[in-house]
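Let me begin by presenting the structure, written as structure tokens, before commenting on it.
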Amino acid sequence: MDTQALRKRAHDLDVTVWVGKGGVDPVVDECDDQLINEELVKVKFLRSAQGGTDVETLAATLADRTDAAVVETRGNTAVLHR
């Protein structure tokens, strides 16, 4: 499926994973479990999670650790696909 179609499907998704001040480490397993059950997962990066790092870097790190791909990042939200 192409990126445009995935972005359309992700538009109406609710955020199901929140990354807070603990960073991506505490949510890797939860995100991985959700990617097993769902093709797309929307992740919200709270400001406390960023700590000088941008959302694109955090999303890429989470995607790498869950063997997923980043479909898009917009603001503090990212969409992952597997």
Ordering of 17-26, 73-82 by burial proxy (mean other Cβ atoms within 10 Å per residue, highest first): 73-82, 17-26
Structure-based [θ]222 nm, the chain - -39500 (n - 2.57) summed over DSSP H runs of at least 4, per residue, nearest 500: -11500 deg cm²/dmol
Full-stretch length increase - R82, T53 - with 0.36 nm per residue and alpha-carbon distance subtracted: 8.0 nm
Assigned charges on the beta-carbon of Lys, Arg, Asp, Glu; the chain dipole about Cα centre (debye): 360
Residues of type aspartates and glutamates that K21 reaches as a straight line, Cα spacing below 19 Å, ignoring anything fewer than 8 places off in the same chain: D29, E30, D54, E56
Length released on extending from D67 to K8, taking residue separation times 0.36 nm less the Cα-Cα span: 19.1 nm
3J(HN,Hα) from dihedral phi, the range 35-43, Karplus parametrisation 6.51/-1.76/1.60, rounded to Hz, x for glycine, proline: 5, 5, 7, 10, 6, 10, 9, 9, 10
From the coordinates shown, Cα extents along the principal axes in Å corresponds to which of (i) 74, 21, 12; (ii) 33, 24, 20; (iii) 62, 41, 13: (ii)
Nearby lysines by direct alpha-carbon distance to K8 (threshold 21 angstrom, same-chain neighbours under 8 apart not counted): K42, K44
The chain: relative contact order as a whole-number percent, Cα under 8 Å and 6+ apart: 32
Accessible area of the chain divided out per residue, in Å², using a probe of 1.4 angstrom: 60
Heavy-atom accessible surface of the chain: percent carbon and sulfur, 1.4 Å: 45
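The values are calculated or read from the model by the stated rules, or taken from the named source; none is laboratory data. Bear in mind that the values here come from a model prediction, so they are computed numbers and not experimental data. We place every Cβ from the backbone using ideal geometry, glycine too, and count neighbours over all the protein chains shown. These area figures cover heavy atoms from the full protein model, side chains too; ligands, DNA and RNA do not enter into them. Shrake-Rupley method; radii C 1.70, N 1.55, O 1.52, S 1.80 Å.
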